[in-house]
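Following: one structure in structure tokens, then a few remarks.
The values are calculated or read from the model by the stated rules, or taken from the named source; none is laboratory data. Note that the coordinates shown come from a computational prediction; the quantities given were computed from them, not determined experimentally. Cβ coordinates were reconstructed from backbone atoms using ideal geometry, including for glycine residues, and neighbour counts include every protein chain displayed. Heavy atoms of the whole protein, side chains included, go into the accessibility calculation; ligands, DNA and RNA do not. Shrake-Rupley method; radii C 1.70, N 1.55, O 1.52, S 1.80 Å.
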Amino acid sequence: LSIVVGDLAARTRLVNEAIRPDALLSFHINAARWPESSAPGALQLVDSNHVHALIFGCMSRGELQSARQQAQLAVKLRNGSDAAERNLGAALSQALAEGTGLPASRYGGKNAILLDAEDPYLFARNLLLLRSVECPTVLLEPYVANSMAAYPRLQAALANRAAGAALAADDILLEYADAVVAGVLACYADD
């Protein structure tokens, strides 16, 4: 955990102090817990496959009592990144939903909140990256890597790249990239 936190802190410093972008997009592919398998070492894929986007928010009472998190919240409030995160997050989540055809993710716990019932793909969550980066930040999580639907598509996309082969028309990584481009264009088309 300390290695991951240290790596994220280093990335955050780089973004905040050197790069200073107008916005930051963090690309991920989600994963689900591996099911209990009857055969040790056997790969058992899950049936779930979905998409969502995350922006900063949903702080617990304990998190709000942390001086460090209060300071990070104050930066986000002062720079007005909330509106930009909501607009960009909404455009990206809608584009990912349309581009992938996947249903919205569901959060069962209290560590995330759906921001708008009209957009079931965009959630607020208090993650280190989302609160530490000062510019508007959106974290994307389409697909479930270990799902029956996504796993073979991911393996094929990676194998084609490793072999230097032509990319398939249904390449999952191109689908992801195309949806991100569509979301960014939808958000900033008038700017």
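Could you tell me whether any residue of segment 37-54 is in contact with a Pro (Cβ under 7 Å, 6 or more places away or on another chain) and within 21 Å of VAL138 (Cα to Cα)?
Taking segment 37-54 and keeping what is in contact with a Pro (Cβ under 7 Å, 6 or more places away or on another chain), we get 44, 46, 50-51.
Remaining after also requiring within 21 Å of VAL138 (Cα to Cα): 50-51.
Yes, because at least one residue in segment 37-54 is in contact with a Pro (Cβ under 7 Å, 6 or more places away or on another chain) and within 21 Å of VAL138 (Cα to Cα).
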query: Any residue in segment 135-152 that is over 14 Å from the mean Cα position of the chain (by Cα), modelled with pLDDT under 95, over 23 Å from LEU45 (Cα atoms) and in a loop (DSSP other than H, G, I, E, B)?
result: no
From the options GLY108, GLY89, residue that is under 23 Å from ASN146 (Cβ atoms) and either under 18 Å from the mean Cα position of the chain (by Cα) or free of Cβ contacts under 8 Å to residues at least 40 places away in the same chain (or both): GLY108
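Per-residue answers, yes or no, for (1) of a type in the set (Gly, Ala, Ser); (2) more than 30 Å from MET148 (Cβ to Cβ):
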| position | (1), (2) |
| --- | --- |
| ASN30 | no, no |
| TRP34 | no, no |
| ALA39 | yes, no |
| LEU43 | no, no |
| HIS50 | no, no |
| ALA71 | yes, yes |
| ALA74 | yes, yes |
The lone exception for ARG33 - which of (1) in contact with a strand residue (DSSP E or B) (Cβ under 9 Å, 6 or more places away or on another chain); (2) surrounded by 10 or more Cβ atoms within 10 Å (Cβ to Cβ) it fails: (2)
query: Just a yes or no: is a residue in segment 127-137 free of Cβ contacts under 8 Å to residues at least 24 places away in the same chain and touching a strand residue (DSSP E or B) at 6+ places or on another chain (Cβ under 6 Å)?
result: no
- request: Assess whether GLY57 counts as being at pLDDT below 90 and under 30 Å from SER147 (Cα atoms).
  value: no
Any chance ARG161 is of a type in the set (D, E, K, R) and in contact with a Phe, Trp or Tyr (Cβ under 9 Å, 6 or more places away or on another chain): no
- line: Note on LEU122: of the conditions (1) among the aliphatic types (A, V, I, L, M); (2) open to solvent by less than 50 Å² (accessible area, probe 1.4 Å); (3) over 13 Å from the mean Cα position of the chain (by Cα), unmet is (3)
message: Just checking, does segment 86-98 include any residue being more than 22 Å from ARG153 (Cα to Cα), open to solvent by less than 40 Å² (accessible area, probe 1.4 Å) and not in a helix (DSSP H, G or I)?
response: no
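Might you let me know whether segment 49-57 holds any residue that is assigned to a helix (DSSP H, G or I), crowded, with 16+ Cβ neighbours inside 10 Å and within 22 Å of the chain's Cα centre (by Cα)? Full working, then the answer.
Quick first cut of segment 49-57, residues assigned to a helix (DSSP H, G or I) only: none.
No - not one qualifying residue is present in segment 49-57.
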message: Pull out all pairs, ordered by first then second residue, where Cβ-Cβ is under 7 Å, the residues are six or more apart or on different chains, the first lies in segment 159-187 and is part of a helix (DSSP H, G or I), and the second is surrounded by 13 or more Cβ atoms within 10 Å (Cβ to Cβ) and basic (Lys, Arg).
response: ILE172/ARG153
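Return the only residue of GLY183, GLY164 being more than 25 Å from ASP47 (Cα to Cα), surrounded by 13 or more Cβ atoms within 10 Å (Cβ to Cβ) and at pLDDT 95 or above. Break it down stepwise before answering.
Numbers: GLY164 fails: surrounded by 13 or more Cβ atoms within 10 Å (Cβ to Cβ).
Just a single option satisfies the conditions, and that option is GLY183.
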statement: Contact list, first residue from segment 16-41 and closer than 30 Å to ASN79 by Cα, second anywhere and at pLDDT 85 or above and of a type in the set (Gly, Ala, Ser), beta-carbon distance below 7 Å, six or more apart or interchain, is ALA23/ALA84; ILE29/ALA145; ASN30/ALA145
